[in-house]
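Here you go, one structure.
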Amino acid sequence: MTANRRLPDLSNRTRTNLFRQSQVLAARDYCHVKTITQIGELRTISISSNSGKARQVSFNTSTRETHCSCRMFESLGIICRHIIVVLKNEGCNEIPSQYVLHRWTKMAARHLAYDANGHELEGSSTCLPPVVKKLYAETCSNFGLALHVAKHSEEKMRYLHKAIGDAYTQLGQEGTVSEQSKVQEFESFVGTSFPTVINSHLPDVAKTKGSGKRLKRGSEQTVTQKEKR
């Protein structure tokens, strides 16, 4: 909210880029490692910042996955300053690909979606009404976060898979009922049922033999009228 009030004339993508840059600068200037503890492959790093509140960052030395107690990435999809400090200490010179979500890339609006059979789904989110477009973006964001949380657990992944499948089935049934109700509404208004088969006839062949008359100019029409008089 603060960033939006300070940057009212900038696009959401520009605000996001500036916000990510601010996290990198804050990691460089204000964040410091306080303590490091390790149990097995899990390393826990305590990070202090100018806010005065220490954050706990867990880093798996085997999978190189990182989680912070501030949960900025889980809520906003943007990597926080505390994780940046840990990744820097581990020798990472760039942000890992799993922390760069597709919706922040240049191709996000041009991304094509495909179903389970490989068929391209209709259109993109740019042609949707504002309310639906907002819900579309939030749904994509929540789906990405849910997939990120569930991808390392078979039980969670099965739960997510079933939930999405049930939702898709329910939406398909509601769409069929809605289409049928619209047809029935039109039929009741017209007073007859719509035919299921429509036979079309070939158009009559026009006779175009000969040439048409040239349209006369205004001066020629005036002369013709005078001659008739």
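Taking θ as phi - 60°, what are the ³J(HN,Hα) couplings along the stretch 57-71 by the Karplus curve (6.51, -1.76, 1.60), each to the nearest whole Hz, with x for Gly and Pro?
These are the phi-based 3J(HN,Hα) values: 10, 9, 10, 8, 5, 8, 8, 6, 8, 10, 9, 10, 5, 6, 6 Hz.
Longer than 29 Å from Cα to Cα, which of LYS88/LYS156; LYS34/LYS151; LYS34/LYS134; LYS134/LYS162; LYS134/LYS156 are they? Say none if no pair is.
Working: LYS88/LYS156 31 Å; LYS34/LYS151 31 Å; LYS34/LYS134 41 Å; LYS134/LYS162 25 Å; LYS134/LYS156 27 Å.
Distance filter (> 29 Å) returns LYS88/LYS156; LYS34/LYS151; LYS34/LYS134.
Still on this structure, I have one more. Under the 0.36 nm per residue contour assumption, what length would be gained going from the current alpha-carbon distance of SER141 and ARG64 to full extension?
25.4 nm
Here is a follow-up. Test of understanding: extend the Cα→C-beta vector of GLU155 to 7 Å, then name every residue of the stretch 42-66 with backbone N under 19 Å from that spot.
Flagged as within label range: none.
Readers should treat all values here as calculations from the given coordinates under stated rules, not as data from a laboratory. As the structure is a prediction and not an experimental result, all values here were calculated from the model. Note that we place each Cβ from the backbone using ideal geometry, even for glycine, and neighbour counts take in every protein chain shown.
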